[in-house]
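Have a look at the structure below before the remarks.
The values are calculated or read from the model by the stated rules, or taken from the named source; none is laboratory data. All figures in this text were calculated on a predicted structure; none of them were measured in a lab. Don't worry about glycine lacking a Cβ; one is built from the backbone with ideal geometry, like all the others, and counts go over all protein chains shown. These area figures cover heavy atoms from the full protein model, side chains too; ligands, DNA and RNA do not enter into them. Shrake-Rupley method; radii C 1.70, N 1.55, O 1.52, S 1.80 Å.
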Amino acid sequence: MDLKAGSQKPAAGDLIKNATIETFERDVLEASMAVPVLVDFWAEWCGPCRQLTPVLEKAVAAANGAVKLVKVDIDKNKMLASQLRIQSVPTVYAFFQGRPVDGFQGAVPESQVKAFIARLSGMAGPAAGDIDLAAVLEEAEKALAAGDAAAAAQAFADVAQATEEAADANFIRAVAGLAKCRLATGDAAGAREVLALAPEAKKNDPAFSAVRARIDLAEKGGGDVEALKRRAGAEPKNFALRLELAEALAATGDTQAAIDELLAIFAADRAWNEEAARKKLLTIFEALGPAHPHTLSGRRRLSSLLFS
């Protein structure tokens with residue numbers, strides 16, 4: 001499935017239409033024999049419809065012919081809305097090969113719309129158009145960073161389904177993203193289960209290694225941070241206690257404080273507990289990724305201690 005094939009974009013009028021009960025068969029059922037057709041059921045009085053419709057139009061236009069969009073005003077087409085059992089708006093149905101195959105309700109995020117279209121394009125095959133799965137993944141990452149793990153997980157799952165080759169870079173990124181979504185909800189065990197989907201030849205891909213490192217940090221850091229801070233402050237030479245504090249800080253997302261604590265342990269006694277502080281630092285760096293500011297500054301500080 002070549003979702004990145006560059007082809008001339010179809011005219012907007014061919015991709016996006018308004019339909020009535022008289023034109024529904026031609027514009028939706030017949031048109032869906034070639035490519036999936038999204039049907040946006042909306043109404044003038046519907047606020048969420050005014051949010052969703054522009055998102056749908058933008059995503060369909062960007063899909064470069066992979067799907068088409070037909071808009072149906074339910075107030076002007078009450079019989080059609082009744083026949084299709086539309087109970088609330090906005091409602092979006094996807095038709096392919098003359099029948100409904102998928103759908104959703106409500107003004108969902110743009111990332112979810114793009115992922116929805118990506119999944120549909122997988123049904124139609126390589127002639128369906130140009131879907132940029134990398135862009136869908138970017139939207140999913142943004143949704144996850146904004147705290148919307150549910151929307152992100154849906155987008156990651158849709159990309160994974162739309163990708164034929166398990167070793168494909170988009171598939172790898174999607175599976176890693178799904179694991180991060182599980183981890184964001186506190187489900188470390190579920191995150192490990194998702195990582196089991198990784199193809200054997202790619203088990204050690206940096207994307208998966210980073211998530212495994214995050215899981216390790218989450219599983220090790222169950223302590224009460226404030227209580228550990230008080231105890232570590234009273235016993236600064238108790239490195240085991242300070243390591244526990246660093247693990248708890250990392251698990252709560254305060255990686256800078258965790259790095260500071262570990263560097264302090266390493267500076268005081270670099271060989272303590274078989275270099276446990278340095279090893280934990282490397283785990284944090286792997287979890288954050290090589291380009292993260294905390295990784296870059298932490299590595300520089302570690303290097304200065306190693307060669308001082």
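Tabulated values for the structure
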{"quantity": "Pair list, Cβ < 7 Å and 6+ apart or interchain, from segment 280-308 residues that are free of Cβ contacts under 8 Å to residues at least 24 places away in the same chain to residues that are outside any helix (DSSP H, G or I) and surrounded by fewer than 19 Cβ atoms within 10 Å (Cβ to Cβ)", "calculated": "THR295/GLY289"}
{"quantity": "Residue, modelled with the lowest pLDDT, within segment 274-308, restricted to residues that are farther than 23 Å from ARG212 by Cα and outside any helix (DSSP H, G or I)", "calculated": "SER308"}
{"quantity": "Residue satisfying all of: in segment 188-204; at pLDDT 90 or above and of a type in the set (D, E, K, R); least open to solvent (accessible area, probe 1.4 Å) among these", "calculated": "ARG192"}
{"quantity": "Those residues of segment 174-198 which are of a type outside the set (A, V, I, L, M) and farther than 15 Å from SER209 by Cβ, in sequence order", "calculated": "CYS181, ARG182, THR185, GLY186, ASP187, GLY190, GLU193"}
{"quantity": "Top-ranked residue in segment 127-159 [being surrounded by fewer than 24 Cβ atoms within 10 Å (Cβ to Cβ) and within 20 Å of LYS202 (Cβ to Cβ); ranked as modelled with the highest pLDDT]", "calculated": "GLU141"}
{"quantity": "Odd one out for LEU120, checked against (1) modelled with pLDDT under 80; (2) under 21 Å from VAL37 (Cβ atoms); (3) surrounded by 15 or more Cβ atoms within 10 Å (Cβ to Cβ)", "calculated": "(1)"}
{"quantity": "Per-region count, segment 17-31, residues in a helix (DSSP H, G or I), more than 18 Å from GLU57 (Cβ to Cβ) and in contact with a strand residue (DSSP E or B) (Cβ under 9 Å, 6 or more places away or on another chain)", "calculated": "2"}
